[in-house]
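Structure record follows, encoded as structure tokens.
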Amino acid sequence: MRTSKDFFRPLAVGAPAPLREIPARPSRAIHFFDPSNEKMAAKIPAMVGTVDVLLGNLEDAVKADNKVAAREGLVRIAQSTDFGPTQLWTRINSLDSPWVLDDLTTLVPAIGEKLDVIMVPKVQGAEDIHYVDRLLAQLEAKAGISKPILVHAILETARGVANIEEICAASPRMQGLSLGPADLAADRRMKTTRVGGGHPGYLVRQDPASSSEDDINAPRAIFQQDLWHYTIARMVDACAMHGIYPYYGPFGDIADVVACEDQFRNAFLLGCVGTWSLHPKQIAIANRVFSPSVEDIKHARRVVAAMGDGTGAVMLDGKMEDDASLKQCLVMVELAEQLAAIDPELKAAYDAIEI
Ligand SMILES: CC(=O)SCCNC(=O)CCNC(=O)[C@H](O)C(C)(C)COP(=O)(O)OP(=O)(O)OC[C@H]1O[C@@H](n2cnc3c(N)ncnc32)[C@H](O)[C@@H]1OP(=O)(O)O
Ligand SMILES: O=CC(=O)O
Ligand SMILES: [Mg+2]
């Protein structure tokens, strides 16, 4: 384990110095595209500015026969596109796959200056991050890359969840974590067959009126529970503790925009900063959900104004506000300011708020 003395030293001579703080760049939607799919790839330049992150996916959902075409397609798109305020990320193949070494040795020299974050799938422990960290430093040094490429781990194995804190702490490159509910469900041997979201069988049922057979068999209210609550909450705490960012992952039922919005909102309320988008129609949902509402910002600003120097307790609309609720409001106000800086529509909406 590296000590505090050498934690921020570059891992290769000539590699850029690691960042001491991970910038809070808006990343409400990480939009996945398959660079080997010509129709999809052709849409990417026009999506710049409409989404916070564009991610060229090289891993699952790209056919084995298309792995090289996806890698080359991503290089082509990155070299020929001005991404402006939109971040460019990639998801490389898993570390035990036959493709990942070529992914990294091709992408870093070719487009390392443009790549903001590399998402690493199926991370099991700190050793996986250490491997990527050192290799990236060597490749950055060789290619003369000026800024460190950040690393994002997908939480999609039971061992990865058990090792979550050491993964977050493994490198100053760690930018964040995403929940990978599909692979995680398989690895945990959960009895689901879906990509993210809830399940109607995972529920609690209202008690019967009595223990008579009639009452037991009578209709009772049922409440579907969130299969992902534990893992998301665990991820949020680990990320907050290490100064990095948590994200929900994929929601595979593209047609069910309502349940998708619910899943995204649960993640937002619990502390996630963004989510994945698999289809263009999920971008608008993510942007809406992961931007504080005008009503919330209005309330937050009123609390900030009412709290004066930030200490003590006040009553506002019949509710007690104090230092702790003020801190929550400041999280919202700060996020609104970050988003307003890149989203003119949101800025206009927040600017129009009267308190
Ligand atoms: C568990 C995991 O690992 S999740 C992460 C991996 N999975 C992914 O990355 C999936 C990415 N998304 C996709 O592959 C596709 O969106 C699919 C397969 C889900 C659906 O694709 P389609 O059936 O073509 O969707 P649909 O017909 O609604 O597409 C409408 C248009 O949007 C385009 N489109 C679809 N998805 C995307 C995308 N992710 N990015 C850009 N454009 C897209 C299509 O090319 C199509 O274009 P057209 O109108 O010019 O024909
Ligand atoms: O990669 C994502 C997942 O859910 O698996
Ligand atoms: Mg996966």
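Within region 260-284, work out how many residues are over 22 Å from Ala61 (Cα atoms) and open to solvent by less than 30 Å² (accessible area, probe 1.4 Å).
2
Since Ile77 meets every condition but one in (1) touching a strand residue (DSSP E or B) at 6+ places or on another chain (Cβ under 8 Å); (2) more than 16 Å from ligand 1 (Cβ to nearest atom); (3) not in a loop (DSSP other than H, G, I, E, B), which condition does it not meet?
(2)
Working only within region 157-201, note down all residues that are β-branched (Val, Ile, Thr) and surrounded by fewer than 16 Cβ atoms within 10 Å (Cβ to Cβ).
Hit for region 157-201 is Thr193, nothing else.
Can you name every residue in region 140-156 that is open to solvent by less than 40 Å² (accessible area, probe 1.4 Å), assigned to a helix (DSSP H, G or I) and not hydrophobic (A, V, I, L, M, F, W, C)?
Across region 140-156, the qualifying residue is only Glu140.
Please name all residue pairs, on different chains or six or more residues apart, with Cβ atoms under 8 Å, provided the first residue is in region 248-263 and is farther than 19 Å from His229 by Cβ and the second residue is more than 10 Å from ligand 2 (Cβ to nearest atom) and polar (S, T, N, Q).
Going by the 8 Å Cβ cut-off, the qualifying pairs are Ile254/Gln282; Val257/Gln282.
Answer yes or no: is there a residue in region 48-61 that is more than 16 Å from ligand 3 (Cβ to nearest atom) and more than 30 Å from Pro344 (Cα to Cα).
no
Counting just the residues of region 204-215 that are open to solvent by 60 Å² or more (accessible area, probe 1.4 Å) and touching a residue at least 12 places away in the same chain (Cβ under 8 Å), which one comes out farthest from Asp60 (Cα to Cα)?
Initial filter on region 204-215 (open to solvent by 60 Å² or more (accessible area, probe 1.4 Å)): 204-207, 209, 211, 213-214.
Now narrow it down to the ones that are touching a residue at least 12 places away in the same chain (Cβ under 8 Å): 204-207.
On the way: Val204: 34, Arg205: 37, Gln206: 40, Asp207: 43 Å.
Only one residue tops the list, namely Asp207.
Within region 216-259, can you find the residues that are within 16 Å of ligand 3 (Cβ to nearest atom) and surrounded by fewer than 18 Cβ atoms within 10 Å (Cβ to Cβ)?
Selection gives Gly252 alone.
The values are calculated or read from the model by the stated rules, or taken from the named source; none is laboratory data. Every value quoted in this text rests on a predicted model; they were computed, and no experiment measured them. Cβ atoms come from the backbone with ideal geometry, glycine included; neighbour counts cover every protein chain shown. Calculation scope for accessible area: heavy atoms of the full protein, side chains included, ligands and nucleic acids excluded. Shrake-Rupley method; radii C 1.70, N 1.55, O 1.52, S 1.80 Å.
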